[in-house]
Structure formats: structure tokens, C-alpha cells
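S.K.: The structure's right below; bear with me while I get my questions together.
The values are calculated or read from the model by the stated rules, or taken from the named source; none is laboratory data. Predicted, not measured: the structure shown is a model, and the values here were computed from it. Counting neighbours? That spans all protein chains shown, and the Cβs are built from the backbone with ideal geometry, glycine included.
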Amino acid sequence: MPDTKTMPKVEKSEAEWRRELTPMQYAVLREKATERPFTGEYEREHRPGAYICAGCGQTLFESDAKFDSGCGWPSFTQPAVESHVAEERDISHGMVRTEVLCASCHGHLGHVFEDGPGPTGLRYCINSAALKLQPK
Ligand SMILES: [Zn+2]
């Protein structure tokens, strides 16, 4: 069962985030960087568990929803709890994409695409640096 507990809104100054996060986590979560494909810690991860936000600890994805998309980043068909992720239209880099954010700390996680497998048909393409796996 996913941890459905919703974290209160987390607001920290950029200086606080910079202190608490690794440089890679900061770049992804706070500056919307994208890690290079096939380099992330969880790209080939198959252990069962819950993926929590590296910024605030909120449960974001379950290993049950993880699939091997071959795209180079951890991919999920759905969030653990719908309300734990927020989505925003992203028109950067000359593309129209849907950005995925942590609903609690508003950290950038990745993007969601409509080319995933069933039943959702969605592919949440998420940076490893934004996640922490809590193995079961
Ligand atoms: Zn968060």
C-alpha cells in the first residue's frame, strides 16, 4: 500500500535548499535540470519499494508502477497518490510538454508523456536525482 499521507506544503529559501540537497538534487528539483539519460541511480532499479521526494520525503511513486521504457530515466505509469504530484504546461526548449512536480515542495521531478503502456497510457519520465527509494 502506498503511503497516502500528504505532506504539508514545504517552503524553503533557495539557500536552505542548497544546503540540504546535493548539487545534483538541487539542479533537478530547484533549477529543473535533467540528468543525462542512462546515468541516474534508479534507471535500472528493480527493487520493490516506494520512491519518495528527495526534497521533502513525500511518497511519489511505487515500484509496482515502474517499467522499463528504454528512455534512459526511471519511468512510471502512475503516481502512488494522484494528489502528491502536480502538473504544469512546459513550453521550454521549443517543445510543449507536461512538467511533473512534487505537490508538496514544488520540486521539479520530470515530465509526463502519453506514450506509456496500459492501463494509463502514461509515461512519467522522472529524474533519479529527484527520488529516493525506500526499499520494502
Ligand atoms: Zn517534495
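S.K.: Has region 39-56 got at least one residue that is on the phi > 0 side of the Ramachandran plot and of a type outside the set (S, T, Y)?
M.R.: yes
Residue by residue, here is whether (1) aromatic (F, W, Y); (2) in contact with a Cys (Cβ under 8 Å, 6 or more places away or on another chain); (3) within 21 Å of C71 (Cα to Cα) holds:
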{"residue": "M7", "(1), (2), (3)": "no, yes, no"}
{"residue": "A15", "(1), (2), (3)": "no, no, no"}
{"residue": "Q25", "(1), (2), (3)": "no, no, yes"}
{"residue": "R30", "(1), (2), (3)": "no, no, no"}
{"residue": "R36", "(1), (2), (3)": "no, no, yes"}
{"residue": "T39", "(1), (2), (3)": "no, no, yes"}
{"residue": "Y42", "(1), (2), (3)": "yes, no, yes"}
{"residue": "H46", "(1), (2), (3)": "no, no, yes"}
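S.K.: Of the residues in region 19-31, how many are in contact (Cβ under 8 Å) with a residue 12 or more places away in the chain and among the basic types (K, R)?
M.R.: Looking only at that region, the number is 1.
S.K.: Scanning region 83-136 for residues that are closer than 14 Å to A65 by Cα and of a type in the set (G, A, S), which turns out farthest from the chain's Cα centre (by Cα)?
M.R.: So the residue we want is G118.
S.K.: Would you pick out the residues in region 18-63 that are of a type in the set (V, I, T), closer than 10 Å to N127 by Cβ and within 16 Å of the ligand (Cβ to nearest atom)?
M.R.: Passing the criteria: only V28.
S.K.: Consider K132 carefully, then state whether it is at pLDDT below 95 and under 21 Å from T6 (Cα atoms).
M.R.: When the stated conditions are applied, K132 does not pass them.
S.K.: Collect the residues in region 78-91 that are surrounded by fewer than 19 Cβ atoms within 10 Å (Cβ to Cβ), over 15 Å from P119 (Cα atoms) and touching a residue at least 40 places away in the same chain (Cβ under 8 Å), keeping them in residue-number order.
M.R.: V81, S83
S.K.: Can you pull out every residue in region 6-17 that is modelled with pLDDT of 85 or more and either part of a loop (DSSP other than H, G, I, E, B) or among the polar types (S, T, N, Q) (or both)?
M.R.: T6, P8, K9, V10, E11, K12, S13
S.K.: Please find, within region 64-77, the residue that is farthest from the ligand (Cβ to nearest atom) out of those that are crowded, with 19+ Cβ neighbours inside 10 Å and of a type in the set (F, W, Y).
M.R.: Filtering first and then ranking leaves W73.
S.K.: How many residues are in a helix (DSSP H, G or I) and over 15 Å from P74 (Cα atoms) if we restrict to region 26-41?
M.R.: 3
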